[in-house]
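The values are calculated or read from the model by the stated rules, or taken from the named source; none is laboratory data. Worth saying up front: this structure is predicted, and the values here are computed from it rather than measured. Every residue, glycine among them, receives a Cβ derived from its backbone with ideal geometry; neighbour counts consider all protein chains shown.
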Amino acid sequence: MLSSADKVAGQGVGSAYLEQVKLVREGGADLFDVYINSRKKCDIVHCHTIDPINFIRMKKGKHVNVCYVHFLPDTLNGSIQLPKLAFSLFKRYVVRFYKTADYLVVVNPMFMNELEVYGIPREKMVYIPNYVSKQDFYKKSQSERAALRKKYEIDEAAFVVIGVGQVQMRKGVLDFIEVAKQLPDIQFVWCGGFSFGKITDGYEELKKVVENPPANVKFLGIIPREEMNDLYNVSDVLFMPSYNELFPMAILEAVNLHVPLVLRDLDLYRDILFEKYERANDNAGFVQAIKRLYEEPQAYEAKALRSKEISEYYCKENVLKIWREFYSGIYKHFVNKG
């Protein structure tokens, strides 16, 4: 496993990497020896991040090269801000990196079509969803949740809508704020910050909003992942108005606690979340969806049940089985080929 994903706090790629390594180590110890950023000669080299040193490693040695596709070149728009030429060169590098791998693991099947546009053959791609441990993300007792609300200075009786992710234009942070303004009786909380500092797209505008939010909005900054379960436990709804995503880890984390989801109506969610969530295309729709969950207990319980169903589908056993079969299959192909 080659990765630098956990070096930058507050990004989903790091969470996905840590969960995947833990899953394979614990559930595949009878088949695999797993090494992290090791120079040891291995049969399979799995790149979780697109570092140049990982690119060189793929080019050298006789082994199977696997690359995780956590983002596409176009999804970088709205995330980081670089000079036009540098941004263009970086996107070309991303495509070249993906083309160099023997196999690409996508976390959303929809992106196979987009990768084909870049000239990458579909037979190189495999869909394996992200996974989140139910041991790390789970519902706590009512008394524990009350204590956590006190810790984060949130009224115990408040209806809490949480947003999770880096503070970026792509994440719909400005929409999150506008929706909150129209629902003053509801507490809104955003967990995440400027993981990439001043090169974040829209940094100056977003910084002003974060430093002067409406009265019913809290920006908590970057939260260590080991504390995120506490934040889901103080929340009633996960609201993700992102304009572009692959498969947000926050969704998998929240549904483990059966927290209802309110998401932008993106095509990419339909195949992976089975339409078991509230969705809208604009702020008026988001306001209506959240207000309904706030005012109608039956509607809330129905969507909580849908989140539970999503959680059960992406269980450890299902995802682990896919990884065991995938690694074993490409190893056998490699041995027979060599």
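When only residues in the stretch 158-201 that are in contact with a Lys or Arg (Cβ under 9 Å, 6 or more places away or on another chain) and small (Gly, Ala, Ser) count, which is farthest from Gly285 (Cα to Cα)? Only one residue tops the list, namely Gly192.
Candidates are the residues of the stretch 155-171 that are surrounded by 18 or more Cβ atoms within 10 Å (Cβ to Cβ), of a type outside the set (S, T, N, Q) and more than 19 Å from Leu261 (Cβ to Cβ); the one that is nearest to the chain's Cα centre (by Cα) is Val167. A single entry from Val189, Val179, Val173 fulfils the requirement of being touching a residue at least 24 places away in the same chain (Cβ under 8 Å) and closer than 19 Å to Gln81 by Cα: Val173.
The residues on offer are Arg279, Arg306, Arg292, and the sole one that is at negative phi and surrounded by fewer than 16 Cβ atoms within 10 Å (Cβ to Cβ) is Arg292. Scanning the stretch 230-256 for residues that are among the polar types (S, T, N, Q) and more than 15 Å from the chain's Cα centre (by Cα) yields a total of 2.
When each of Glu245, Glu309, Glu275 is tested for being acidic (Asp, Glu), over 30 Å from Ile44 (Cβ atoms) and assigned to a loop (DSSP other than H, G, I, E, B), the lone residue that passes is Glu275. The helices (runs of 4 or more DSSP H) located wholly in the stretch 1-109 that include 1 or more residues which are in the same structural domain as Gly329 (by TED's automatic domain parsing) and in contact (Cβ under 8 Å) with a residue 60 or more places away in the chain occupy 12-27.
Scanning the stretch 106-135 for residues that are closer than 16 Å to Glu227 by Cβ and crowded, with 16+ Cβ neighbours inside 10 Å gives Val132, Ser133.
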